[in-house]
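Worksheet: the structure to be examined is printed underneath.
Every number in this text was worked out from the coordinates using simple rules, so none of it is lab data. Everything numeric here is computed off the predicted structure, so don't read it as measured data. Cβ placement follows ideal geometry from the backbone for every residue including glycine, while neighbour counts extend to all protein chains displayed.
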């Protein structure tokens, strides 16, 4: 659930699984089952998330990591092209580096 | 008597409110013109309204260019955040660039006391500024002025496109001038718009709803013969055939032969047969119809959402592009409806969402709260009052100098 994690540093695979869980919570399990989610998956084109869904995804990251990671700050620095090109791998790297 | 001129893009949702405002100004004895690329608007103007058609001394190429803007927005299927890039880069900026000279020429000819420019007709604000004419702004898609706190750079990117165009036409200021300092009318209520600090030049008029003069035929007997809940399904016109087919297949699967009457806005020829509990028409008299309905399924166009909420009806919003995701977000936030993802939703989601908004009275109650806020904002009469006030204040300024 959305609780601030007290465990140690996650490796990239663990972060990937966590992100996949958040995506599932935002767009629903039955849709995720039909998708092949990889680190290459882009939020707009592949996952077909719109702005409101991306924001709700970022709220989940915030709820999980708390002050440890300024994810919303990072997201808010993105311009339109960066948002369009944003993929899962970029987010995993960012979270990994921030820990 | 004053002379008002509206500058409108060739987009129905942006034109309709100006027709209502213009009609009231004409009734009050003013002169009113409409500057537009779309010559066919003449037939829809209120009595006494003057069409000021943007046309150029034509070599044919320019003429063709004019025509391509009339339906450019329907030419490409765009979705989500990508659609904003398309909207600005391929529609709004070229449309405004193309319109600018024509607007300047028509302003010289009409000599208005007050220009009212649509917030997406940046060229209107630029032309008025360069001509030294006072202008007001009509914000017909209010989501466009709302900065998403979480994604501020999106709005910044949009505004940079506008600033670039301003500079092209010699307005050398580092901020967008499209929202007038004199008066920027936001055509919704603060309650529906949501929290955001705005300067006093921004005024919420409530929705300015246009009642078309012509009557659209409708199968009222079939609607009234059943006591089942009645819903309208209207998803706009900007799709290709395949998308429509896939969308309405899901609608049929969700509501076919259920205890519900579904009024569907669609080309009836899309399917050979529709379920017996469906009323399918290419056009419906939406404003006359809404008071007889229990809920609406739509794509989140601002006008349809406002008309639905003005009738205190709950809704299910399935946004596709542009500001629709935001409008859908407001519907959910105010409690007046549910949203679905256009690309992902399945028939059973639609059925569940519609049943939820029909059966849980909280949705209708929330819609009634927004309806009340619309009534308090005033609508067309408030907008016309504000425009008259600005025009008379401006003419006093002119006399003083």
By the Cα gyration tensor axes a ≥ b ≥ c (a/c under 1.5 gives rounded; else a/b larger than b/c gives prolate, otherwise oblate), the shape of the stretch A:12-98 is rounded
Could you tell me how far the Cα centroid of the stretch B:45-68 sits from the Cα centroid of the stretch A:35-63, in Å?
44 Å
Residue by residue through B:316-324, how many Cβ atoms from other chains fall within 10 Å of the Cβ on average?
1
Among B:67, B:150, B:39, which one shows the highest mean-square fluctuation when chain B is modelled as a Gaussian network with alpha-carbon springs under 10 Å?
B:150
How tilted is helix B:60-70 with respect to the longest principal axis of chain B? Cα atoms for both, answer in degrees (0 to 90, nearest 10).
50 degrees
Shielding of A:52-58 by other chains, given as the mean Cβ count within 10 Å, works out to 5
Rounded if a/c is under 1.5, else prolate if a/b is larger than b/c, else oblate: which is the stretch B:234-365, with a ≥ b ≥ c the root eigenvalues of its Cα gyration tensor?
rounded
Note on the stretch A:12-98: contact order normalised by length, alpha-carbon pairs under 8 Å, 6 or more apart, percent, works out to 44 percent
Pairs of Cα atoms under 8 Å, at least six residues apart: use those to get the relative contact order of chain B, whole percent.
16 percent
Shielding score for B:340-347, defined as the mean number of other chain Cβ atoms within 10 Å
4
With the crude spin-label approximation of a point 7 Å out along Cα→Cβ, what separation in nm comes out for residue B:175 versus residue B:198?
1.6 nm
Ranked by Cβ crowding within 10 angstrom, fewest neighbours first, how are B:284, B:171, B:264, B:297 ordered?
B:171, B:284, B:264, B:297
Order of B:261, B:214 - criterion: other Cβ atoms within 10 Å of each residue's Cβ, fewest first:
B:214, B:261
Tensor-based shape of chain B (alpha-carbon gyration tensor, a/c under 1.5 rounded, otherwise prolate or oblate):
prolate
Students often check this: by mean Cβ neighbours within 10 Å, which of B:121-129, B:240-248, B:88-96, A:38-46 ranks highest, and how do the rest follow?
B:121-129, B:88-96, A:38-46, B:240-248
Can you compute the FRET efficiency between residue A:14 and residue B:82 using 1/(1 + (r/R0)^6), with r the Cβ-Cβ distance and R0 = 35 Å? Round to the nearest 0.05.
0.65
Most exposed first, judged by fewest Cβ atoms within 10 angstrom, B:6, B:255 run B:255, B:6
Which whole-angstrom value gives the distance between the alpha carbon centres of the stretch B:211-265 and the stretch B:94-168?
36 Å
Could you work out how far apart the two model spin labels at residue A:82 and residue B:101 are, taking each label as a point 7 Å from the Cα in the direction of the beta carbon, and quote it in nm?
3.9 nm
